[in-house]
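Inspection log for the structure reproduced underneath, given as structure tokens.
The values are calculated or read from the model by the stated rules, or taken from the named source; none is laboratory data. All of these numbers come straight from a predicted model, not from anything done at the bench. Here the Cβ is made from the backbone with ideal geometry for all residues, glycine too, and neighbour counts use every protein chain on show.
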Amino acid sequence: MSHEAWNELKPGTIIEDPGSASNHFTGHYRKGLKPEFNELNCIHCFFCWVFCPENAIMTEAEKISGINYDYCKGCGICANECPVENKPKPLIMIKEVI
């Protein structure tokens, strides 16, 4: 199986105003689930922050501090990538009440 190089990929979108992602809220795309964060269980490894495709993981003083729901799409990648095993996870997906 061969993979295309980055410059061989077909374009998927046109970004007319680069650097403006923070101006475009994506949280309204969530459909049913959202991550709930419990700081007491967090080991602050930043895996969730690294893997979040929308940069919705908030940080403060070099620690994870919460979720910015204006940008969170509810994909669950943050909860899935969390390596915490021996205690309740700091990120769990819950049903969103609208």
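Residues in the stretch 58-82 that are of a type outside the set (S, T, N, Q), part of a loop (DSSP other than H, G, I, E, B) and within 15 Å of Glu96 (Cβ to Cβ): Tyr69, Asp70, Tyr71, Cys72, Lys73, Gly74, Cys75, Gly76. Scanning the stretch 38-93 for residues that are among the aromatic types (Phe, Trp, Tyr) and closer than 18 Å to Thr26 by Cβ yields a total of 4. For residues in the stretch 17-35 being part of a loop (DSSP other than H, G, I, E, B) and without any contact (Cβ under 8 Å) to a residue 60 or more places away in the chain, which is nearest to the chain's Cα centre (by Cα)? So, considering only residues that are part of a loop (DSSP other than H, G, I, E, B) and without any contact (Cβ under 8 Å) to a residue 60 or more places away in the chain, the one nearest to the chain's Cα centre (by Cα) is Thr26. Determine whether Glu39 is modelled with pLDDT of 75 or more, of a type in the set (Asp, Glu) and more than 15 Å from Lys73 (Cβ to Cβ). When the stated conditions are applied, Glu39 passes them. Pairing each residue of the stretch 75-96 that is of a type in the set (Lys, Arg) with any residue that is not in a loop (DSSP other than H, G, I, E, B), provided the two are 6+ apart or on different chains, yields C-beta distances under 7 Å for Lys87/Asn41; Lys89/Asn41; Lys89/Ala79; Lys95/Leu33.
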